[in-house]
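In what follows, a single structure is set out as structure tokens and then discussed.
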Amino acid sequence: MTHIDDTIAAISTPVGQGGIGIVRMSGPDAASIADSIVRSRSRVSPSASPSHRMIYGQVIDPADGRVVDEALITLMKTPNTYTREDVVEISCHGGMVSVRSILEIVIRQGARLADPGEFTKRAYLNGRLNLDQAEAVLDIINAKTSESMRIAAEQLRGDLTRKLSEVRVRLIETSAYVEAYLDFPEDEIEHAEKKTVQKQLAEIISDIKRLSGTFDEARFFRDGLSIAIVGRPNVGKSSLLNTLLQKDRAIVTALPGTTRDLIEDYLNINGLPVRITDTAGIRNSEEVIEQEGIRRSIQAIGHADYVIALFDGSEPLRQEDLDLLRIIRGRHAIAVISKADLPQAITLDPVVSDGIPHLHLSTVTGQGVAELKNSIFTSNLGDWKEERDGVVVTNVRHKAALDRAAESLEKAAALLSRGEPLELFSIEMRNALDRIGEITGAITTDDILERIFSSFCIGK
Ligand code: GDP
């Protein structure tokens, strides 16, 4: 059940010590709760102060009259707020005790502790954001590179919403041709009209598929491209990893408490967030390979979007190298011939004959490092230049809905061309519209909302 008639409160700044900490409230009682705990120097209560204006005051615990902290209090009056409700932000000194005490007090005064993402959920429920825009807020919080951020910001701006409403209008127009006949089942749809409908449907289907197709590349900007670095012991895996990390560690993202409770490293390769999987395994590769051998590599390769397979250029290929070549055959991979600064003893025939792209690299001289980075980018984002100008889809939920919409439309087209009853055509058209509506949140269930907003942090 969704309540939106009560007042929620949360600490909106990160947990820990900082210059300031912000307790945020949203709901009908936000102003009166603020009045009950704030004593301002100018004797103006928060509710009497102009909207969006900060006032300076002391936060008092009404239970004993004690001064908890000094703070700047801002009341933002509905509807020009993040949630479209009255919002109060109390900026206090950024210590754990201060923000926690203030949160406890506002809760005692009648606010309820907000669920994760509940402020944004209210922004959606109150019509300020569409669902895809609300999801973009989360993407902005989690953005790993400035390119990821740019894409999320476009979605927040409503680019995807606009594109989808355009598709929606075209679908409704196309349906209208057929709807007219539904009341007169004895009439056959005219040939010319049928042709028009079929043509329009084909165009809409191809548009939806193009949009859905952007996901294959655009998703990397949201979730990161995962790369496995594999090879037998001593080929230079850790050295390569360190080279890449030193040069490109633009942003190190910590995502504690999210899905897997671990801290992941992202490299920034031309704006593409790249996650090196199995980092621990690489760093202890000698041990790991000896213990578990090829099984570990297969596992790492299986989970990766892209594989960097290392072969020591200063030595002839060994059986383990040939095994590895066999494993990566047909996979999205590049063979890196390491130690290019040393005299080369490797024979490249098996690599070349497998059709695996390869390059020579030295972590000592830096030869091949830029080329490797370019290969990582271009082999995973071949069409990116074209796509970056249009609307793209980065969220798997959106892609799934688009694919199901396209499926329904294909069924509709088939029904029409087979001359089946027009009611059936109509049902498929409605299904497609509903799938599009699920993306923007025009149609939704508590289930979907729960899933989306529970991945937010509390206070957003
Ligand atoms: P790993 O076991 O695959 O992780 O390999 P390491 O990165 O630990 O490297 C094994 C050895 O090869 C170390 O002594 C490195 O210094 C050396 N090495 C790695 N890359 C290069 C390179 O590009 N040139 C030279 N000359 N030596 C390298």
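The values are calculated or read from the model by the stated rules, or taken from the named source; none is laboratory data. Since the model is a prediction, treat every value here as computed from it, not as a measurement. Heads up, the Cβs are rebuilt from the backbone with ideal geometry, glycines too, and the neighbour counts pull from every protein chain shown. With ligands, DNA and RNA removed, areas are computed over all heavy atoms of the protein, side chains included. Shrake-Rupley method; radii C 1.70, N 1.55, O 1.52, S 1.80 Å.
With surrounded by fewer than 16 Cβ atoms within 10 Å (Cβ to Cβ) and either aliphatic (A, V, I, L, M) or out of contact with any helix residue (DSSP H, G or I) (no Cβ under 9 Å at 6 or more places or on another chain) (or both) as the only criterion, which of 59, 15 stands out?
Details: 59 fails: surrounded by fewer than 16 Cβ atoms within 10 Å (Cβ to Cβ).
The conditions single out 15.
Those helices (runs of 4 or more DSSP H) of region 94-189 in which at least 1 residues are over 30 Å from residue 4 (Cβ atoms) and at pLDDT below 95, considering only elements entirely within it, cover 96-108, 146-157, 159-182.
Can residue 64 be described as without any contact (Cβ under 8 Å) to a residue 24 or more places away in the chain and either at positive phi or over 17 Å from the mean Cα position of the chain (by Cα) (or both)? So residue 64 passes the test. Are any residues in region 88-118 closer than 20 Å to residue 133 by Cα and not small (Gly, Ala, Ser), and if so, which ones? Result: 115, 116, 118. Among residues that are over 25 Å from residue 298 (Cα atoms) and touching a residue at least 24 places away in the same chain (Cβ under 8 Å), residue 351 is not included. Here residue 352 meets each of (1) open to solvent by 70 Å² or more (accessible area, probe 1.4 Å); (2) out of contact with any strand residue (DSSP E or B) (no Cβ under 8 Å at 6 or more places or on another chain); (3) away from the ligand (no atom under 16 Å from the Cβ) with one exception, condition (2). Once region 193-222 is narrowed to residues that are farther than 30 Å from residue 177 by Cα and in contact (Cβ under 8 Å) with a residue 12 or more places away in the chain, the residue that is farthest from the ligand (Cβ to nearest atom) is 214. Taken together, 85, 89, 70 contain a single residue that is open to solvent by 10 Å² or more (accessible area, probe 1.4 Å), farther than 21 Å from residue 110 by Cβ and among the acidic types (Asp, Glu), which is 70. Assess whether residue 317 counts as being hydrophobic (A, V, I, L, M, F, W, C), away from the ligand (no atom under 13 Å from the Cβ) and part of a helix (DSSP H, G or I). Spelling it out, it is not the case that residue 317 is hydrophobic (A, V, I, L, M, F, W, C), away from the ligand (no atom under 13 Å from the Cβ) and part of a helix (DSSP H, G or I). Does region 309-325 contain at least one residue that is at pLDDT 90 or above, among the polar types (S, T, N, Q) and in the same structural domain as residue 363 (by TED's automatic domain parsing)? Checked region 309-325: at least one residue is at pLDDT 90 or above, among the polar types (S, T, N, Q) and in the same structural domain as residue 363 (by TED's automatic domain parsing).
Starting from region 398-416, take each residue that is in contact (Cβ under 8 Å) with a residue 40 or more places away in the chain and under 12 Å from residue 436 (Cβ atoms) and list its partners that are open to solvent by 10 Å² or more (accessible area, probe 1.4 Å) and β-branched (Val, Ile, Thr), counting only C-beta distances under 6 angstrom and pairs at least six apart or across chains. Pairs that qualify, where the first residue is in contact (Cβ under 8 Å) with a residue 40 or more places away in the chain and under 12 Å from residue 436 (Cβ atoms) and the partner is open to solvent by 10 Å² or more (accessible area, probe 1.4 Å) and β-branched (Val, Ile, Thr), are 406/205; 409/205.
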